[in-house]
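Here the structure is laid out as structure tokens; the discussion comes afterwards.
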Amino acid sequence: MFQNSKNDRFVRLMTTRVKVLLHAMFKEIAGRREITQELNPDDTLRVVLDELARKYGKDFGQILDPKTGQISADTLVMLNGQGVKKTDTHLKDGDVIMISVPIGGG
């Protein structure tokens, strides 16, 4: 990391921070409700999900459908309040990702 404060500001401008909110079993596995993830500006949702699977394993590894590479029907992923299934979505600084399980009723 750079020692010069001008360079530190440049490095901060080159990173994207997203907030990941975890619910249900994902919160239990990670041991926390919220994670702040630093990314490169061109990173996608897939990068975040892969990193969570690598770090926490277990059910995080099953968020993605191995056949399609997209978000599994057994997982609810929302980006800024909108449900998403595609993982190639580019993330912006300040985005909020929520991961949970779908709740059904009847």
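The values are calculated or read from the model by the stated rules, or taken from the named source; none is laboratory data. Remember, predicted model here, so these are calculated numbers, not experimental data. Because the Cβ atoms are built from the backbone with ideal geometry, glycine has one as well, and the counts that use them run over all protein chains shown.
Before moving on, here are some points about what is shown:
- Consider segment 15-46 and keep the residues that are in a helix (DSSP H, G or I) and out of contact with any strand residue (DSSP E or B) (no Cβ under 6 Å at 6 or more places or on another chain). The one that is nearest to Pro102 (Cα to Cα) is Met25.
- Cβ-Cβ under 6 Å pairs, at least 6 apart or on other chains, segment 1-29 side among the basic types (Lys, Arg), far side surrounded by 10 or more Cβ atoms within 10 Å (Cβ to Cβ) and modelled with pLDDT of 90 or more: Arg17/Glu38; Arg17/Asp93; Lys19/Val96; Lys27/Arg33
- Under the condition of being closer than 15 Å to Val20 by Cα and touching a Leu at 6+ places or on another chain (Cβ under 8 Å), the residues counted in segment 51-86 number 7.
- Of the residues making up segment 77-106, those that are closer than 21 Å to Glu28 by Cα, assigned to a loop (DSSP other than H, G, I, E, B), touching a Ser or Thr at 6+ places or on another chain (Cβ under 9 Å) and β-branched (Val, Ile, Thr) number 1.
- Residues (in a strand (DSSP E or B) and over 17 Å from Glu28 (Cβ atoms)) located in segment 61-76: Leu64, Ile71
- Test for Gln82: is it surrounded by fewer than 18 Cβ atoms within 10 Å (Cβ to Cβ) and in contact with an Asp or Glu (Cβ under 9 Å, 6 or more places away or on another chain): no
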